[in-house]
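The structure under discussion appears below in the form of structure tokens.
Where a number appears in this text, it was derived from the coordinates with a stated rule and is not lab data. Quick caveat, the model's predicted, so the values are computed rather than measured. All Cβ positions, even for glycine, are placed from backbone atoms using ideal geometry, and neighbour counts span all protein chains on display.
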Ligand code: ADP
Ligand code: ZN
Ligand code: ZN
């Protein structure tokens, strides 16, 4: 006789395309035969963490579904071990969303579900977390005055002074104010000066005084539109830099909070400096939970828990905060929607923007995207009516738009990449008491080290790339794989000791400007100077408070920061963006230009932007200067339509990396042959295999195959038709490969 059993499907990290089935230990027999019990039973399993046997181990998994035996032999199913918690960790709406994401990005469900859990929960730690670790002065510590520390140890003294206020400090609070505090705190704990305590997840803190403005007409119109949204609606807030987009977000958030609902705000990787959170807290007069890469596992767990339980109402986070659970989410906001950091570039390659919109859709709530330089995708969606378009055309308050001009340097003498005209303008701006930003999107001292005798160049032996020379460490570094070596004493090819550093990076620019402007303080902000946790926040604060006269920065400085004293921006080496192989090259360059320019003149003094160029007549520059970003975007969208490129078509990129390039190519050729054998109704095209723009990285040869179709649905269907055969191909397990749906970079 056949017996009916219920089984649960669990999501387990690993390359499993379907959830794995496990048998439920005891009560399932009676439930399976009684339909009235089934839904209650389902609720008792769906979204729960379980520990399951897997190969010879046990693993943590999440139940994502139930089914009845569908022909799989029961003897092949292993029993589920145990539920881990007293309640589910994900609700059915979250699961629906995650399943949708797994399906759309062709990512194993286990990987997607695990992306929604903090690491401690993935590792099987208990769900309940009473608090986070904090540090506070001990009784012994109370007797230590700052004067007992060495007068020269400036950093130590500042930190000890701060700890003397008898508040308990968590690591994220310390990170927000100090860089390099960890070794000091560790030593003071060892010396018994500091005591370690468990503090609550949501520490009580005093909130700054509220600062708010009366909304102008455009701001008010934007707020009213979103407010009027019944259920789901996607809004694009296209507002020039400094037009008060954040003020619009805050006004909307306040209203949603008044209805007792929660809000999720996503910002770019770099945008989440403590200033942003502080501004939100000041306006809303309540704590805002921040979720970003500067937190430790315990703090992430806390943030996750606090939102899920509804103990806090606003979550401000970077890309992955998108997956956080909420008790009652009422509004989603994504600032700087064009920003590339919203696209995960490895592993599970999702777009946080697109997933956020999907999530809002499933929850039937409004979502607001903001930018001064919207992506072509979003502008197109606004034009076709899929998004509602909201515009802030002017800077808020008294601030004037920055004045942009091109500085033609053809034939001019350049010193370390800077023209005399640019240097002269910098002198003038500094003399008038302004702050100056020199933008150069390349870190290190020089991108190439060349032997003057024989022409040898330092190249990475693992990648298809030059090694960048770093002067402070006297090393050559690969910016793609992390390889580094001391600078050779003599040329490896000819033995000459005569090297030339070619080209400029921010380190070299800093050295040069230090000599040119000895009486001014200079602050360089790039990945090299902000490696320590907390140091970016520290430097941005210094820049904002005018502690430096000259700022040197890479694109890290382009995003959202507010430097009220900044009156002049000099942009170097933007021209390379005009000649990119990627069809999005010009779009990225235009966004960078407008965003960096937007840092100038946000205070009471007007701002100027000088773009040093060898291509002053280039149509992209001309258009940006004449018609601004809107004109550029209109032209670009027209060109894309003619070329049938996104957003007028949809793409999927198959990326392959292999030690043996022949295998990579053979695998992609096999996929292409499978694709071409599928009968398709709508136009579907496949290009490649071709070498990736960086042909080799970390010793692996990289190739790609591009699929393009006129609709998302036909692209997805096309891939689905071949997916099983691709995964079953003998080379599929021999090469590293991944799918990039809606790729942002080729
Ligand atoms: P964005 O997010 O568009 O860059 P912000 O919201 O940061 O712009 O606003 C830029 C500056 O203008 C901020 O200093 C802000 O306090 C101020 N501001 C915003 N809205 C108004 C307003 N309605 N009246 C006066 N000042 C405003
Ligand atoms: Zn040589
Ligand atoms: Zn390398």
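Some points to look at:
- The residue 157 and residue 622 beta-carbon pair, evaluated with R₀ = 51 Å, returns a calculated FRET efficiency of approximately 0.40.
- Additional length obtainable on full extension of the chain from residue 383 to residue 145, 0.36 nm per residue less Cα span: 79.3 nm
- Label-to-label distance, nm, for residues given as residue 214 and residue 259 (7 Å Cα→Cβ offset): 2.8 nm
- Centre separation in Å (Cα based) which lies between segment 168-235 and segment 595-650: 34 Å
- With neighbour counts taken as other beta-carbon atoms within 10 Å, the residues 267, 8, 500 rank, fewest first, as 500, 8, 267.
- Value of [θ]222 nm, deg cm²/dmol, for the chain, DSSP H segments ≥ 4, -39500 (n - 2.57) each, nearest 500: -10000 deg cm²/dmol
- Taking a point 7 Å out from the Cα of residue 453 in the direction of its Cβ, the residues of segment 480-507 whose backbone N falls within less than 17 Å of it are 488-501.
- Contact order normalised by residue count of the chain, Cα under 8 Å, 6+ apart, percent: 11 percent
- Segment 270-318 and segment 494-545 have Cα centres separated by 31 Å.
- Relative exposure of 106, 301, judged by other C-beta atoms within 10 Å (fewest first): 106, 301
- Residue order, fewest to most beta carbons within 10 Å, for 515, 365, 550: 515, 365, 550
- Rounded tilt (10° steps) of 352-363 against the dominant C-alpha axis of the chain: 40 degrees
- Projecting label points 7 angstrom from Cα along Cα→Cβ for residue 682 and residue 462 puts them 4.2 nm apart.
- Anisotropy class of segment 200-240 from Cα gyration tensor, a/c 1.5 cut: oblate
- Helix 585-597 vs. the chain, principal-axis angle (Cα, 0 to 90°, nearest 10): 60 degrees
- Here the peptides 320-328, 734-742 are ranked by packing, the mean other Cβ count within 10 Å, and the order with the highest first is 320-328, 734-742.
- Computed FRET value (nearest 0.05) for residue 17 with residue 713, which takes r as the C-beta separation and R₀ as 22 Å: 0.65
- Distance between segment 86-146 and segment 384-463 - C-alpha centres, whole angstrom: 40 Å
- For the chain, DSSP calls about 55 percent of its internal beta bridges antiparallel.
- Folded to 0 to 90 degrees: helix 274-284 orientation relative to the chain principal axis, Cα: 70 degrees
- FRET efficiency for the residue 415 to residue 471 pair, using the beta carbon distance and R₀ = 25 Å, is estimated at 0.90.
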